[in-house]
Amino acid sequence: KIGYLQIGYEDGFPLQMSGANIVFYKKNLLRVIGKVSMDLVAVDFTGIEVKTGDLVTLFGDENNKLEEICFKTKSNPYSILTGIGNRVLRKYIND
């Protein structure tokens, strides 16, 4: 079962993430299938119940920390964070 995420390298999701086990969904670490495209990422959801609109975590959760993902994909956390594009919604929270 393949799911598609509306994010790609135009949004700052780097090509180095192609083929990596980095998408976290309901206690499962899932693999990106094929190459990251400009606007989409295909993810292997085989054996997992998922429906349109469900949320996934790309990085930042305790189960897929950005530093660990960067180690796996030989990338740099600062490059990823500063590369997040303008199309990505930002929410600023003041405590």
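For this structure, a couple of remarks:
- Cβ separations smaller than 9 Å between residues 6+ apart or across chains give the following pairs from region 39-57 residues that are closer than 23 Å to ASN86 by Cβ to residues that are β-branched (Val, Ile, Thr) and part of a strand (DSSP E or B): VAL41/VAL23; VAL41/VAL32; VAL41/ILE33; VAL56/VAL23; VAL56/VAL43; THR57/VAL23.
- Qualifying residue in region 3-26 (condition: surrounded by fewer than 13 Cβ atoms within 10 Å (Cβ to Cβ), under 22 Å from THR82 (Cβ atoms) and of a type in the set (S, T, N, Q)): yes
- ASP44 vs. criteria among the acidic types (Asp, Glu) and closer than 18 Å to GLY19 by Cβ: yes
- For region 50-64, a residue qualifies if it is surrounded by 10 or more Cβ atoms within 10 Å (Cβ to Cβ), assigned to a loop (DSSP other than H, G, I, E, B) and under 12 Å from the mean Cα position of the chain (by Cα), and the qualifying residues are VAL56, LEU58, PHE59, GLY60, ASP61, ASN64.
- Of all residue pairs spaced 6 or more apart or on separate chains, those with beta-carbon atoms under 6 Å, a first member in region 65-87 that is surrounded by 14 or more Cβ atoms within 10 Å (Cβ to Cβ) and at pLDDT 85 or above and a second member that is among the small types (Gly, Ala, Ser) and not in a helix (DSSP H, G or I) are GLY83/GLY12.
- For the criterion of being more than 19 Å from LEU89 (Cα to Cα) and assigned to a strand (DSSP E or B), GLY19 fails.
The values are calculated or read from the model by the stated rules, or taken from the named source; none is laboratory data. No experiment lies behind these values; they were computed from the predicted model shown. Quick reminder, even Gly has a Cβ in these numbers, built from the backbone with ideal geometry, and neighbours come from all protein chains shown.
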